[in-house]
Amino acid sequence: MQEVNNFTPNIVAFCCNWCSYAGADLAGSSRLSYPANVKIIRVPCSCRVNPMFVLKAFQQGADGVILCGCHPGDCHYVTGNYYTRRRMSLLFSFLNYMGIEKERTRVEWVSAAEGAKFSEVMNDFVAKVTALGENKRLQDLRVKEE
Amino acid sequence: MQKIGVFICWCGSNIAATVDVVRVAEEIKREPGVVYSADYQYMCSENGQQLIKNAIKEYGLTGIVIGSCSPRMHEATFRKAAESVGLNPYMVEVANLREQVSWIHKDKEEATEKALILVRTAIAKVRLNAPLKEGESPVVKRALVIGGGIAGIQAALDIAEAGYPVDIVEKNATIGGRMAQLDKTFPTLDCSACILTPKMVDCAQNEKIDILSYSEIEEVKGYVGNFSVKIRKKARYVDETKCTGCKICMTKCPSKKGLDEFNMNLKTRTAIHIPFAQAIPNVAVIDPEQCLKLKTGKCGICQKFCGAGAIDYTMKDSFIERQYGAIVVATGFKPIDLTAFNEYGYADNKDVVTSLELERLMNAAGPTNGVLLRPSDMTHPKVITFIQCVGSRDVSGCGKPYCSKICCMYTAKHAMLIREKYPDTEVHVFYIDVRTPGKNYDEFYRRAVEQYNVDYIKGMVGKVYNENGKLMVQGSDLLNNEQIVIPSDLVVLATAIEPEPSVRKIATLLTASIDTNNFLNESHPKLRPVESPTAGVYLAGVCQGPKDIPETVSQASACAAKVIGLLAKDKLKTNPCVASSNEMMCNGCSQCANVCAYGAITYVDKEFRLGGGKTEIRRVASVNPAVCQGCGACTVTCPSGAMDLSGFSSKQIMSEVEAICKK
Amino acid sequence: MTRQDTLENIVRISGTDAKKCMKCGKCDGRCPAYNDMDVKPHQFVNYVAEGKLEKLLASHAIWNCLSCMACVERCPRGVAPQGVIEAVRDTVIRMQGNNGIKAEEIPPIVDEMIPQQLLVSAYRKYNK
Amino acid sequence: MSELEKRIIEKAATLLAGGEIKRVVGWKKGEFIHDPSPATFETEESLKDFIYNDFCGANLSKYLIDIFKREGKTAVFLKPCDSYSFNQLVKEHRIKRENVYVVGIECHGKLANYKVEEKGITGITSEAHEGENVVFDTLYGKVTASREEVLLDRCLTCKGKKHVVADETVIINDYEDKVSDRFAMVRELEAMTAEERFAFWQGQLSKCIRCNACRNVCPACSCLKCVFDNPQSGIAAKANDDTFEEQLFHVIRAFHVSGRCTDCGECSRVCPQHIPLHLLNRKFIKDIDSLYGEYQAGEEAEGKTPLTSYTESDTEPNNVFTVTEGK
Amino acid sequence: MKICYYPGCTLKTKAKELDRYARLSAEALGVTMEEIENWQCCGAVYPTARDEIATKLSAVRALDYAKHNGGKLLTLCSACHNVIKRVNDDMTNDENIRTKANNYLALDEAYAGETQVIHYLEMLRDIVGFDAIKEKVVNPIGKKIGAYYGCLLLRPGKVMAFDNPENPTIIEDFLQAIGATPVKYPMRNECCGAYVALKNENLPKERSKAIVKNAESHGAEMLVTACPLCLYNIQKNGGMPVVYFTELLAEALGVK
């Protein structure tokens, strides 16, 4: 138990430039805190997030990966997040199939006005990943023979 | 080898109170590639910018990272500063140390650690940045307006007023659209023709405006600033340049049984005709389905009588191709088909009419010369019942799920006009809700109830059946919890409106996005309501959503302002952060084009050298940088990784991920 | 069954989502038995939406609904008032001793010509 | 020589003799009858090496990507399941349909060499199926094996006898489509805990020797240049930093072919370590079917794939598990 | 051609003419109606409650029989048609009902809506063809006749898919074919009062009168129907002659 409590997960958050990155900025300017272990990468649209990036994060030691984009229907690029939704649905389900706990992956739609939601989502996500502990599975998917 | 400079901003105490900025600047010096690192109170200030500029010059920096507020705040400032001393503006990256660090964290140690990671991440990215150059594309200073109704007319007049040439392409033989068919307009009750026809004449007389009537869009190529449009001029069998509009042909034509579309088929017309008296252009057209000469080869009377020699039975469709900088879509609407609503008896009873038909029955230029007579026996109807929401708000599959927006107001208008002109008439209106948001709108409706004694019944009609010469309107009165039957002489259906069906083809040609109801999508429902997501395409009137005349005119003028703003530029700067395909790796599989919302990707067969003097032709994707908006959807879809996005390349993002995850 | 269970069962077997109703009254406008309905078709839908079970169970209209589907056919919102009425009627007759037609009531109204179809459907509709 | 094989070779000869067809793509005899390999035949004489038996599992579609570019028309023999791959490649503009003459041929399921070997059957000289059994003539005498035990895994859940594309077919014996549940194993895995699943995959993928056979044979893995070989992709292996690619090769590959994989099963057939790679692809197929409606890649030669289309009411990624875990 | 036929109880008792004339006419038109074996009463009304399974089983049995005997099931009585067609729709589209019904019946092969249910009028229109009937008419019916559809053939429109539920024309077209003058009147798809006759006599009385009054006002001399219950209610309360459409057909074809 002691160990789990001390564990601080490393979280990679991909935020689209138009809604969610602005939402994160609003969370900041409203001083709505969320854990420091969430680090944001800015992308033009959630649809720029290649599943490879998510895999790379896990393989490099991230404990959770979250994508944030405009609400479906509000995409700055009209349809980008609809593709995100399908790609990530399939990717998350697949990672779960490979044995990666489903709580480690998430997509949230956060608009530029939803600073509070951004902060809530991050707090919640960090709490869930913290409870799971360290992710090693995608680092050890293949065990080399001795 | 890159030479990177790092500049950590205190933002007064905004960052410095929580982040040990001095330590960050110090530690970052040890990062590979970093040759300069400094901290300063306000990097965005004149002095701060000077510090950056000096360092760039002094150390020959090839890339810089600013640790400051959100890039949404000052990225542009720092880019400009860099550019002013010769560093490509896209070699600047910002680490967000304020909104993402100091403002949300309290623990200084923790915040400083995170700041370091964010700065390292930005360094990792900037190492892979490449200088980018904004592209330029020329602007053709001419606009195209598709649709010659009030929306198209207003947009064209405003654009022409600013000095730019405009073409109006109208599929019918005259401009004027639906508004020309209306009798009076709400909420002022002024005559529709009186306010519309002067504008039509203005269009005709404005030398900047070219009206291409009886024409349709055939093909669209190009992109914002530079569209190339092929227009089909349908054969009207009358030479526009010769016809004087004398109408002698109409008096002589023996084929008189054609249905008069302008009068909602309530009247007949001759095969050669001018749609209505004030038509623009005032030129006849021959209906080839009806003309005896064209169908049987026998007749030719109009040609004989035409003093101007304008009739040409051998005329064929012709095509013209023109260039435009911007396109306004203003294709308008039509009432829906009522086949699925026969509980109201529309198919079997001439005296069950749509509201648009009633407009013609009340119009001085209409089939009854403005005297309200019912179509079946040309008598005065004494009891008139209006039914609202016919086909609107209907999710059963027979109608339209949306509110048609204009029906409540025009029904109040009709009721009032009838009570005004024929006080002995009894008028009932079945309604579900009366929706009157708009200046002086509710007041207008209340006048109908309070001043004109129109009987508004909250309820809906279940069936209209005729019995002994009366139309029995059986409906509910929800406030009294009763079922009532009103024996009526005329029943008017406030029929739902839908976008003119041809808009779907036009949307496809323009790659403009369209919703399931055939309304064109705006780029942003609140903030970009007149722009289509396709750059250079603007939306006016009902093609974008149900709206009345005042709203349509406002939107048309807004479109014009946007078009004028675009045409005023000589060149368009294009965002350099766009996708591009590496031809050496592209499979030509079309996956990327499938997800491009802008139609920016096309395919070309290109010849490649294989070595040994051999060549091979391969199909490869080609991105038009002027059209690409840089979302990156294509990059993920591309199986081979040939497609990449400048400024947000796969390698850059991967290295950011690595920098964040590094423990 | 608790009150809540009964209500939920009515919602379930009615096959209709009362929240879709936009309260236009078209069902009332169409109903051929309207004057014999103490609870009107739109009220059935409304009572279900508002959970007014007692009013539903007490209605006499359940015996007068003709199941003619006129209210269902052209409801603009795809709601089925008849479905609700039938669900309520079934709920009532499935309760002990609540058959809608008693054996002793039948003879006087049966005549020579009455088709089987009428008797069978009446039994199906009114009795358990 | 079976009647079917005879007819197919005759067909090849007729096509070559016709003049318009410059070459046919088929299978060539190896040293034994159980090691045929894909080959191109340009003359009628060369057809003496042509073979078609139950060891001809190889899917010939992928070879067309290069071959169709040669001068003149190419004919190819496709088994029903191969025809899906062919169609998918046409859809992706990798094969020009008009340059290829497709002959659909009969298939009753192909044999897995390693399963035959594991049963100790070697030195095979001929083979024929009799009901539910396969009878082998070997140098050491007759051996009978149950088909269930020696068929390729993919053939145990056959897609059916339909050719989705064919200019003509050579089919002698009509037969019933077997209805089988190809997702049974996927479901079994889904029913496990995340930990168990991880253990399963760790066990399987650790066997991989990175020989790239799966990638080389896969008709969907037909990129001009694979991302793993493209330094700009950010995932290509560099000498000292190969962990990412090393660890996630199969995961990335499965995602890359998702929505395009026709479930032809070649990956598993050629894997020297017998890793059930098709179970990766089938997970995607199963999820696509249940989330976005049934979709069979290669069924149509036109249109969008599930990953390049969308609806406004698609399931949210966070809710996807309730659907895809089959609960 | 031969076609599986489901007569129903009423056609064996009070509505024998409806059945008899239908068979005679069909033979004259080259169609043999083969009564299916061991049919049971369809239940006369379709139960709309989503949890009613048992009351749908007899229809499923008939449908399953037809599935193995030509794939089509011909109906004549409007009530039977309504019940069987709607049950068939459930078996096609409602997984819950399909599973449960199949579990009850334990057929060799599950039934999933494979049979096509066609009403006699649809057979006349789609299989025989009204033009073909026209050619075989020997006694044109020279009367002004109103078609009375009632509810059961038409509604619910999406399931019955019989004709435009608010503006049907099939019986009018039929009348035209047998040499009658069809009278189109708007109340032709209104309910006659149906089974409520047993509970509230007044309601069918009013409904039937309203329908007849409307038909009269449009000049009808008599009504035709396909439904024994409609015939009963209208005959009892309406005061206008009403006959089964098959009787007129038989008369026109000279086989009455």
(message) For the stretch D:187-214, which positions are at the interface with another protein chain (Cβ under 8 Å from one of its Cβ atoms) and either in contact (Cβ under 8 Å) with a residue 40 or more places away in the chain or in a loop (DSSP other than H, G, I, E, B) (or both)?
(response) D:Leu189, D:Glu190, D:Leu205, D:Ser206, D:Cys208
(request) At least 1 residues that are touching a helix residue (DSSP H, G or I) at 6+ places or on another chain (Cβ under 8 Å), in contact (Cβ under 8 Å) with a residue 24 or more places away in the chain and among the polar types (S, T, N, Q) in each: list the helices (runs of 4 or more DSSP H) lying fully within the stretch E:128-188 that qualify. (result) E:170-177
(message) So in the stretch D:298-315, with the set limited to residues that are among the acidic types (Asp, Glu) and at the interface with chain A (Cβ under 7 Å from one of its Cβ atoms), which one is nearest to D:Gly160 (Cα to Cα)?
(response) D:Asp314
(request) Please determine, by comparing only the residues of the stretch A:18-36 that are at the interface with chain B (Cβ under 8 Å from one of its Cβ atoms) and not in a helix (DSSP H, G or I), which one is farthest from D:Arg253 (Cα to Cα). (result) A:Arg31
(request) Quick one: count up the residues across the stretch B:317-367 that are among the acidic types (Asp, Glu) and away from every other protein chain (no Cβ under 14 Å). (result) 4
(message) Being more than 37 Å from the chain's Cα centre (by Cα), within 14 Å of B:Cys11 (Cα to Cα) and hydroxyl-bearing (Ser, Thr, Tyr) is the filter here; which residues of the stretch B:57-100 pass it?
(response) B:Ser68
(message) Restricting to the stretch D:262-281, count the residues that are within 11 Å of chain A (Cβ to nearest Cβ) and surrounded by 24 or more Cβ atoms within 10 Å (Cβ to Cβ).
(response) 2
(request) Look at E:Leu107 and say whether it is touching an Asp or Glu at 6+ places or on another chain (Cβ under 8 Å), crowded, with 24+ Cβ neighbours inside 10 Å, more than 14 Å from chain B (Cβ to nearest Cβ) and in a loop (DSSP other than H, G, I, E, B). (result) no
(message) If I filter the stretch D:133-157 down to residues being part of a helix (DSSP H, G or I) and out of contact with any Leu (no Cβ under 8 Å at 6 or more places or on another chain), which single residue comes out as surrounded by the fewest Cβ atoms within 10 Å (Cβ to Cβ)?
(response) D:Glu149
(message) Which numbered condition in (1) in contact with a Leu (Cβ under 7 Å, 6 or more places away or on another chain); (2) of a type outside the set (Lys, Arg); (3) in a helix (DSSP H, G or I); (4) within 24 Å of E:Thr181 (Cα to Cα) is the only one that E:Glu247 fails?
(response) (1)
(request) Report the residue count in the stretch E:209-234 for those that are within 11 Å of another protein chain (Cβ to nearest Cβ) and within 20 Å of the chain's Cα centre (by Cα). (result) 8
(message) Can you pull out every residue in the stretch E:194-233 that is in a loop (DSSP other than H, G, I, E, B), acidic (Asp, Glu) and more than 25 Å from E:Glu251 (Cα to Cα)?
(response) E:Glu201
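This table checks each residue for (1) surrounded by fewer than 20 Cβ atoms within 10 Å (Cβ to Cβ); (2) within 16 Å of C:Lys125 (Cβ to Cβ); (3) in contact (Cβ under 8 Å) with a residue 24 or more places away in the chain; (4) polar (S, T, N, Q).
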| position | (1), (2), (3), (4) |
| --- | --- |
| C:His42 | no, no, yes, no |
| C:Val48 | no, no, yes, no |
| C:Gly51 | yes, no, yes, no |
| C:Ile62 | no, yes, yes, no |
| C:Leu66 | no, yes, yes, no |
| C:Ala70 | no, no, yes, no |
| C:Glu86 | no, yes, yes, no |
| C:Arg94 | yes, yes, yes, no |
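Residues are listed down the side, and each one gets a yes or a no for (1) in contact with a Cys (Cβ under 6 Å, 6 or more places away or on another chain); (2) away from chain B (no Cβ under 14 Å); (3) hydroxyl-bearing (Ser, Thr, Tyr):
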| position | (1), (2), (3) |
| --- | --- |
| C:Pro32 | yes, no, no |
| C:Met37 | no, no, no |
| C:Gln43 | no, no, no |
| C:Val48 | no, yes, no |
| C:Gly51 | no, yes, no |
| C:Cys65 | no, yes, no |
| C:Ala70 | no, no, no |
| C:Arg74 | no, no, no |
| C:Pro81 | yes, no, no |
(message) Condition first: under 16 Å from C:Pro32 (Cα atoms) and not β-branched (Val, Ile, Thr). Now tell me which residues in the stretch E:202-229 satisfy that.
(response) E:Asn202, E:Leu203, E:Pro204, E:Lys205, E:Glu206, E:Arg207, E:Ser208, E:Lys209, E:Ala210, E:Lys213, E:Asn214
(request) Considering each of B:Lys199, B:Lys208 in turn, give the residue that is in the same structural domain as B:Leu509 (by TED's automatic domain parsing), under 24 Å from B:Ser318 (Cα atoms) and among the basic types (Lys, Arg). (result) B:Lys208
(message) Could you check the stretch B:586-627 and list, in sequence order, the residues that are under 27 Å from B:Glu136 (Cα atoms) and of a type in the set (A, V, I, L, M)?
(response) B:Ala593, B:Val595, B:Ala597, B:Ala600, B:Ile601, B:Val604, B:Val620, B:Ala621, B:Val623, B:Ala626, B:Val627
(request) For the stretch B:407-414, indicate whether the set of residues that are assigned to a loop (DSSP other than H, G, I, E, B), within 28 Å of B:Glu551 (Cβ to Cβ), at pLDDT 95 or above and polar (S, T, N, Q) is non-empty. (result) no
(message) So B:Lys463 passes all but one of these: (1) basic (Lys, Arg); (2) over 23 Å from E:Glu190 (Cβ atoms); (3) not in a loop (DSSP other than H, G, I, E, B). Which condition number does it fail?
(response) (2)
(request) Would you point out which residue out of C:Ile106, C:Ile101, C:Ile93, C:Ile85 is of a type in the set (Val, Ile, Thr) and modelled with pLDDT of 95 or more? (result) C:Ile85
(request) Would you point out the residue of the stretch A:106-145, among those that are of a type in the set (Lys, Arg) and facing another protein chain (nearest Cβ under 10 Å), that is surrounded by the fewest Cβ atoms within 10 Å (Cβ to Cβ)? (result) A:Lys144
(message) I need a count of the residues in the stretch B:494-513 that are buried (at least 20 other Cβ atoms within 10 Å of the Cβ) and either away from chain C (no Cβ under 14 Å) or not in a strand (DSSP E or B) (or both).
(response) 10
(message) Suppose the filter is at pLDDT 95 or above and assigned to a helix (DSSP H, G or I); does C:Asn46 pass it?
(response) yes
(message) Take the residues in the stretch A:73-105 that are more than 7 Å from chain D (Cβ to nearest Cβ) and outside any loop (DSSP other than H, G, I, E, B); name whichever of them is nearest to B:Ala593 (Cα to Cα).
(response) A:Gly80
(request) Check off (1) buried (at least 17 other Cβ atoms within 10 Å of the Cβ); (2) touching a His at 6+ places or on another chain (Cβ under 7 Å) for B:Phe430 and give me the number that stays unchecked. (result) (2)
(request) Could you please give the count of residues in the stretch B:91-121 that are farther than 20 Å from B:Gln652 by Cβ and in a helix (DSSP H, G or I)? (result) 12
(message) Which of the numbered conditions does A:Ser93 fail, given that it passes all the others? Conditions: (1) within 16 Å of D:Ala194 (Cα to Cα); (2) among the small types (Gly, Ala, Ser); (3) surrounded by fewer than 24 Cβ atoms within 10 Å (Cβ to Cβ).
(response) (3)
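The values are calculated or read from the model by the stated rules, or taken from the named source; none is laboratory data. Keep in mind it's a predicted model, so treat the numbers as computed, not measured. Positions of Cβ are generated from backbone atoms using ideal geometry, with glycine treated the same way; all protein chains shown enter the neighbour counts.
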